[in-house]
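Engineer: I am attaching a structure below and will ask some questions about it afterwards.
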Amino acid sequence: LGGLRVELLHVGPAHTAHVVVAWIPERSVLFTGDVVWSRVTPFVLFGSVSGSLRALDRMRALGARTVVPGHGPVGGPELFDFTEEYLRFLRGVAEDGVRDGLPPLETARRTDLGAFAGLVDAERLAGNLHRAYAEAEGLPPGARIDVARSFQEMVAFNGGLPACHA
């Protein structure tokens, strides 16, 4: 790297149970992996909603001018805000669904995605709700949940297999 210092920081659980990001302080560039998203629906099924919010706070404190997300166009600190807004929206939807006694798929079907409706991979809402429900019901961040059922419900919510945008 020609003498350029790269710091690897463990910020998980977030997108998954164990997440590492790469910070280049001399260039003010942060490679976030799938903790931060740009124009794409965030995905926390394998990790944690609350852990992702903590990770965003930690990364935001670095003061990066350039943020390289896991998916979507490179941006700046506004990408932290976008991801946080979605996660807080998700948490609120999950809390309402749990309070109303609805399963995640039914909650997803009743949810108006509003500002997030045009994002790539909107079907992730159904899977994300499984994680958010688990946390709302007291499961620790990053704990195992029924991933197969979550994926089945994402397919049902989408009306078929989603397109791959990887």
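Engineer: When you look at GLY118, is it farther than 18 Å from VAL98 by Cβ and in a loop (DSSP other than H, G, I, E, B), yes or no? Before the answer, list the steps.
Structural biologist: Details: farther than 18 Å from VAL98 by Cβ: yes; in a loop (DSSP other than H, G, I, E, B): yes.
So GLY118 passes the test.
Yes or no, residue by residue, for (1) more than 29 Å from ALA163 (Cα to Cα); (2) at pLDDT below 95; (3) out of contact with any strand residue (DSSP E or B) (no Cβ under 6 Å at 6 or more places or on another chain):
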| site | (1), (2), (3) |
| --- | --- |
| ALA17 | no, yes, yes |
| ASP34 | no, no, no |
| PRO42 | no, no, yes |
| GLU78 | no, no, yes |
| PHE89 | no, no, yes |
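Engineer: Still on this structure, please answer the following. With respect to ARG58, is the statement that it is under 18 Å from THR16 (Cα atoms), touching a residue at least 12 places away in the same chain (Cβ under 8 Å), open to solvent by 10 Å² or more (accessible area, probe 1.4 Å) and in a helix (DSSP H, G or I) true?
Structural biologist: Values: under 18 Å from THR16 (Cα atoms): yes; touching a residue at least 12 places away in the same chain (Cβ under 8 Å): yes; open to solvent by 10 Å² or more (accessible area, probe 1.4 Å): yes; in a helix (DSSP H, G or I): yes.
Yes; evaluated as a whole, the condition is true for this residue.
Engineer: Can you confirm whether VAL68 is part of a strand (DSSP E or B), among the aliphatic types (A, V, I, L, M) and under 22 Å from ALA126 (Cα atoms)?
Structural biologist: The answer is no for VAL68.
Engineer: Search region 71-102 for residues being within 14 Å of the chain's Cα centre (by Cα), open to solvent by 30 Å² or more (accessible area, probe 1.4 Å) and of a type outside the set (Asp, Glu), and hand back the single one that is nearest to LEU129 (Cα to Cα).
Structural biologist: Step by step, filter region 71-102, then rank; the result is ARG91.
Engineer: Please determine whether any residue of region 14-30 is open to solvent by less than 60 Å² (accessible area, probe 1.4 Å) and part of a helix (DSSP H, G or I).
Structural biologist: no
The values are calculated or read from the model by the stated rules, or taken from the named source; none is laboratory data. Computed from a predicted model, the values in this text were never measured in an experiment. Cβ atoms come from the backbone with ideal geometry, glycine included; neighbour counts cover every protein chain shown. Accessible surface is based on the protein model in full, side chains and every heavy atom, while ligands, DNA and RNA are left aside. Shrake-Rupley method; radii C 1.70, N 1.55, O 1.52, S 1.80 Å.
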